[in-house]
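Worksheet: one structure, shown below.
Read the figures in this text as sums done on the coordinates, not as results from a lab. The shown structure was predicted, so the numbers you read here are calculated from the model rather than taken from an experiment. Glycine gets a Cβ as well: all are built from the backbone with ideal geometry, and neighbour counts include every protein chain shown.
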Amino acid sequence: MCAGVYREILATKTRKVQKDDIRDVYAEAKGNGRHIDPLSETTLAYLKEFKRMWKSGHLDPLQDRIALDTYNHRRTALHFGGRLFLTGLIGNCLSAREQGDRDAEQRWAELLLDVVQRLEFMFLLEPPVPDNVLPWDRPPSRWHRSANAGRERGQNSKKCVLQYLPDDWDTHLWDAAVAKEWEYLDELAVHLIVPVRPEELMAGQRPIGWSPGVLVEWRSARCLSITFAPVKSHAGLYGTELTEICVDPTILGGPAEYLAKRCNSSGGSIVVSSESKNAVRKAMAKFGGKALPEIGTLLSRPMFCGTS
């Protein structure tokens, strides 16, 4: 069952990992004597990361310019997901043998051999930390022995990279997106105009009630209204439950003119809504890194709301 679930998860690119899948995996991996919550966010995060690593063909946790926290997360995902995968495959092989199903046993054995060959080298390169060894008694990790070790923690955080942004960074980013006809032009335009969180572009419940996303209205040639419901208002103590910002597209240009044209061709208003905040955020990080390679970090409006 475990390997069947894993095989389906790892072989299907469009299918998302479901909590029921994780529950089935852990139901067959309780023999380690430790209690593991199959529905915890940490568990899901490790298994999803292992899935991404497996499908990409890059199982090595260590990458160029990788942060220590990301390396540790990928390393744990490798050990965690790899062990569960192997445990399930071994169990399926033994179960097929006990049932006398030689064909099934052969299939599981072939899959197990393939998985072992892919994981063995990485487990040797990244051996698990021995039990009962204090953190300060452990040998340096591969990350600490790599060129990444010279980087300070948070080196790519917004407080560290803002100083490297050119004055017209937003113009460069927008022009590059328009030239490419980027699929997230609507979301990028909103981010470049107002300090909105990626989550606030998603339809969902807010402190003030239900929100479809970000409402953009073209009220006149010199008035573009952008309205959104913040996801955080601290019970009304801070911030606003509903935010409306009006800009003059003839002055702001670029993304504001783009949204004005979108509204004009759609009856006067549009709703900018994203299905996944992480998909948009990661797409912006990847695209921003190409458009402004000297920064190489997450380039979205929430990070740079203090630059204008």
Amide proton proximity set for M202, modelled H, under 5 Å, gap of 5+ = S274
key: Alpha carbon convex hull of the range 75-148, volume per residue in cubic angstrom   = 94 Å³
remark   = Quick calc, the range 158-303, dipole around Cα centre from Cβ unit charges on Lys, Arg (+) and Asp, Glu (-), nearest 20 debye, gives 380 debye
note = Note, the range 126-140: 3J(HN,Hα) by Karplus (6.51, -1.76, 1.60, θ = phi - 60°), whole Hz, Gly/Pro = x, goes 10, x, x, 5, x, 5, 6, 10, 5, x, 7, 9, 7, x, x
query = Rg and Dmax of the range 53-96, using alpha carbons, in Å: what are they?
reply = 13.4, 45
message = Please list 3J(HN,Hα) in residue order for the range 166-179, calculated via the Karplus relation 6.51 cos²θ - 1.76 cosθ + 1.60 where θ = phi - 60°; whole Hz, with x for glycine and proline.
response = x, 4, 9, 4, 5, 5, 4, 5, 5, 4, 5, 5, 5, 4
query = Rg/Rh for the range 245-289: what does it come to with C-alpha atoms and Rh from Kirkwood?
reply = 1.07
ask   = Counting Lys +1, Arg +1, Asp -1, Glu -1, what net charge surrounds V231 among other residues with beta carbon under 9 Å of its beta carbon?
value = +1
ask   = Can you list, bin by bin at 5 Å, the percent of alpha carbon pairs in the range 158-303, starting at 0?
value = 2, 10, 19, 21, 20, 16, 9, 3, 0
